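Everything below concerns the one structure shown next.
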Amino acid sequence: LNERATPPPADVLHSTQRRVLGRHVQLFGTHPGDWIVSGVNTELRHWGRKGWSVETMRLATQRLGLIHECIMVVRIMHGRARMLHLSRATYKKFRLEAYLRILDLVARRDKKLNLMVWASPTDYCPGNNATVGQHDFYASHFGNVPILCFQRYDENYRAVLLPEIQMIYSDFYSKERTFRSQFSWDIKSSDKAWFRGGMTGPFSGFRNQRVRMCSKWATHPNGSVFPLEHWRLGLDCKLFTDENDSKLLRLGYEVNSTNKTSLWADLLSNKYLLSMDGYGATCSRVFKSLLSNSVLLKLETKPKSSLYYFSGLEAWQHFVPVQENNIGQIVTHLQRDDRLGRDISRAATQFALREITREKSVKYTHLLLSTLMSLKVP
């Protein structure tokens, strides 16, 4: 007997993507870019193990009544994207319209697209809870349906990244693109890494990274008070905590706080801008920092959240990765090698201007959906 073996899922994905990529280039006239191809491959790498397909998405719609989270089901066909189902009708209209907008832009470019997709327009991406050992209804009941999110934990293999939703409903950051730093690199302050932000995040108290990083001191479980200056060397960190100061003090934390909403003009006078995740990847903060002529210091978090274009960012080329206990050392290193910081800021600005755009987001979404539509469960 000469039976043909079923090819491994990775081989099927690569061969499908090559075929789809050829048609994509014909439609758009140019290659989408290596980071987009790599990003789509990353998003779909678990398709075989999860059993994702157009058919599983269609069959799962018969059980939509079980869903209580905000899930939108969108049908893409005949050059249009239209809503078929919304599990929470009162959810923010501007976010729903943003997803419909990007999907409709793609549908109009490729009238042969024919599939049904599930998308979550909320800050929470279904499947995230399962990655941190918590119960996740979506993962338990709809694990074979890829959910489209604008941010997800890296370990959440049940979700697939769409372009960042704040960018879409902000007209692809058209206003932000006109706002370039009025400070040249040479006159920016380089004393410390700079952060201002709200007290958000998936954990409370000292388990919250933003509280931890901006604290002056904390209370040990045995009742003793210990300072946290060694955490904050090289860091100017303040939280907007007007309504939470008394609560934090009762819990045993004193944070550096401010009741003034810091303007980006204040932030842009600094060379080193720290980004800390809240409930997920900090969307506009990352884009603005990349565009700022400053250096983005991306604080490592667990679990780590990603946006769709993160596959195109290279550490020490477009941003600098930092950990909680080495910010001071990193800042000192950049101070001693000022040219390195200048080069990183220039490369980051070029990436933001050339790659985080309307056209690139449409290309990414088209390659993602057309590949997903063409995959067959082995």
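Annotations for the structure displayed:
- Within region 350-371, the set of residues being without any contact (Cβ under 8 Å) to a residue 60 or more places away in the chain and out of contact with any Phe, Trp or Tyr (no Cβ under 9 Å at 6 or more places or on another chain) comprises Gln350, Arg354.
- Scanning region 76-95 for residues that are open to solvent by 30 Å² or more (accessible area, probe 1.4 Å), at pLDDT 90 or above and farther than 20 Å from Phe142 by Cβ turns up Met77, His78, Arg80, Arg82, Lys92, Lys93, Phe94.
- Close pairs (8 angstrom Cβ cut-off, 6 or more residues apart or separate chains): open to solvent by 40 Å² or more (accessible area, probe 1.4 Å) in region 20-41, among the hydroxyl-bearing types (Ser, Thr, Tyr) anywhere: Arg23/Ser370; Ser38/Ser311
- Candidates are the residues of region 71-94 that are part of a loop (DSSP other than H, G, I, E, B) and charged (D, E, K, R); the one that is farthest from Arg109 (Cα to Cα) is Arg88.
- Of the residues making up region 306-326, one or more are touching a Cys at 6+ places or on another chain (Cβ under 9 Å) and either surrounded by 20 or more Cβ atoms within 10 Å (Cβ to Cβ) or at pLDDT below 85 (or both).
Rundown of residues vs (1) of a type outside the set (D, E, K, R); (2) buried (at least 20 other Cβ atoms within 10 Å of the Cβ); (3) in contact with a helix residue (DSSP H, G or I) (Cβ under 9 Å, 6 or more places away or on another chain), yes/no style:
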| residue | (1), (2), (3) |
| --- | --- |
| Val74 | yes, yes, yes |
| Arg108 | no, no, no |
| Leu115 | yes, no, yes |
| Trp118 | yes, yes, yes |
| His135 | yes, no, yes |
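- Restricting region 137-177 to residues that are open to solvent by 50 Å² or more (accessible area, probe 1.4 Å) and in a loop (DSSP other than H, G, I, E, B), the residue that is modelled with the lowest pLDDT is Asn144.
- Members of region 349-369 found to be over 12 Å from Leu291 (Cα atoms) and either of a type in the set (Phe, Trp, Tyr) or open to solvent by 10 Å² or more (accessible area, probe 1.4 Å) (or both), listed by number: Thr357, Arg358, Glu359, Lys360, Lys363, Tyr364
- Figure legend. Inter-residue proximity from region 130-141: first residues more than 14 Å from His68 (Cα to Cα) and hydrophobic (A, V, I, L, M, F, W, C), second residues assigned to a helix (DSSP H, G or I) and open to solvent by less than 60 Å² (accessible area, probe 1.4 Å), beta-carbon distance below 8 Å, spacing 6+ or different chains. Indicated pairs: Ala130/Ala139.
- Exactly one residue out of Glu359, Glu324 is closer than 18 Å to Ala193 by Cβ and acidic (Asp, Glu), and it is Glu324.
The values are calculated or read from the model by the stated rules, or taken from the named source; none is laboratory data. This is a predicted model, so every value here is computed, not measured. A quick note on method: Cβ atoms are made from the backbone with ideal geometry, for glycine too, and the neighbour counts reach across all protein chains shown. Calculation scope for accessible area: heavy atoms of the full protein, side chains included, ligands and nucleic acids excluded. Shrake-Rupley method; radii C 1.70, N 1.55, O 1.52, S 1.80 Å.
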